[in-house]
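Everything on this sheet refers to the single structure shown next.
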Amino acid sequence: MFLIGGDKEIYKIAFDQTVDSYKHNISVNKIETIGSQYPYITDGGSINYRTFNISGLISKLNDGSFYEGDAVIEEKAFRDKFLEFVHKKRPLLFKTPTEGNFIVRLTDVSFTPKTELGRMIWSFSATATEIDKFSIENLDKYNIKYLYEIEG
């Protein structure tokens, strides 16, 4: 699973990655009337986007890096950098081989220390909301670059 922003900001979530609560949001109206046993179902517009929850472990090891120096300090610095990345108010590209590519904004981002790992490594979770159709033009529109440097 990858999260990609502008300025070569690419984060690979390699450990304990999950995607769940996948919901396809469309606008449908249900109208119940006194004179009918069954409701009327009508389309409520052109709303058509997806939301889903994502989570995974945040670790410098995600990128295949090896520690040089103090591991706790390295993990803290990496986590702080990732925290800043996900809280920037701008679209990201969410990319996986199984779900595909989505231009999203992240909300409800939370971080939880893994006590069994001495709180050195933390997990994160967020809600990803699709904000536009995936296309090369929209990647340019949102200043998301370097798509072709990522395999998968």
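None of the figures in this text is laboratory data; all of them are computed from the coordinates on show. Fair warning: this is a prediction, and the values are worked out from it, not measured in the lab. Here the Cβ is made from the backbone with ideal geometry for all residues, glycine too, and neighbour counts use every protein chain on show.
For the chain, with the dipole built from +1 on Lys and Arg beta-carbon atoms and -1 on Asp and Glu ones, taken about the Cα centre, which of I13, S123, P91 lies farthest toward the positive end?
The Cα lying farthest towards the positive end belongs to P91.
Given a cut-off of 21 Å, name the pairs among K89/K141; K30/K133; K8/K114; K23/K141; K12/K141 whose C-alpha atoms lie farther apart than that in the structure shown.
Details: K89/K141 15 Å; K30/K133 27 Å; K8/K114 28 Å; K23/K141 25 Å; K12/K141 23 Å.
Listed pairs above 21 Å: K30/K133; K8/K114; K23/K141; K12/K141.
As a check on your grasp of the helix formula, calculate [θ] at 222 nm for the chain: sum -39500 (n - 2.57) over DSSP H runs of n ≥ 4, divide by the residue count, round to the nearest 500.
Details: 2 runs with 23 residues, N = 152.
Roughly -4500 deg cm²/dmol at 222 nm, from the helical runs in the chain.
Given a Förster distance of 22 Å, report the FRET efficiency between E116 and E84 from their Cβ-Cβ distance, rounded to the nearest 0.05.
Details: r = 26 Å, r/R0 = 1.19.
Computed FRET efficiency for E116 and E84: 0.25.
Which of rounded, prolate or oblate describes the range 11-62 when judged by the alpha-carbon gyration tensor and an a/c cut-off of 1.5? Intermediate values should be presented prior to the final figure.
Numbers: a/c = 8.42, a/b = 3.73, b/c = 2.26.
The shape class here is prolate.
Based on the Cβ-Cβ distance of N138 and Q17, what FRET efficiency does E = 1/(1 + (r/R0)^6) give at R0 = 22 Å, to the nearest 0.05? Let's see the in-between values first.
On the way: r = 24 Å, r/R0 = 1.10.
That pair, N138 with Q17, gives E of 0.35.
Under a 5 Å amide H to amide H cut-off, with H placed in plane at 1.01 Å, what residues pair with F134 once short-range neighbours are removed?
The answer is I103.
Would you work out the charge dipole size for the range 46-139 about its Cα centre, treating the Cβ of every Lys and Arg as +1 and the Cβ of every Asp and Glu as -1, and quote it to the nearest 20 debye? It would help to have the intermediate numbers written out before the result.
Numbers: 13 positive and 13 negative charges, 56 e Å.
It works out to roughly 260 debye.
What does the C-alpha gyration tensor say about the overall shape of the chain? Classify as rounded when a/c is under 1.5, otherwise prolate if a/b is larger than b/c, or oblate.
Working: a/c = 3.13, a/b = 1.89, b/c = 1.66.
Because a/c hits 1.5 or more and a/b exceeds b/c, the chain counts as prolate.
Using only the alpha-carbon atoms, how far is helix 71-87 inclined from the longest principal axis of the chain? Give it as 0 to 90 degrees, nearest 10.
Roughly 30 degrees, rounded to the nearest 10.
Calculate, in nm to one decimal, what I73 and R50 gain on full extension: separation in residues at 0.36 nm each, minus their alpha carbon distance. Mind showing how you got there, number by number?
Numbers: separation 23, 0.36 × 23 = 8.28 nm, distance 3.71 nm.
Residue separation times 0.36 nm, minus the Cα-Cα distance, leaves 4.6 nm.
State the extension gain, in nm to one decimal, for the chain segment bounded by E32 and R105, taking 0.36 nm per residue of separation less the distance between their alpha-carbons. Intermediate values should be presented prior to the final figure.
On the way: separation 73, 0.36 × 73 = 26.28 nm, distance 3.50 nm.
Here the segment from E32 to R105 would lengthen by 22.8 nm.
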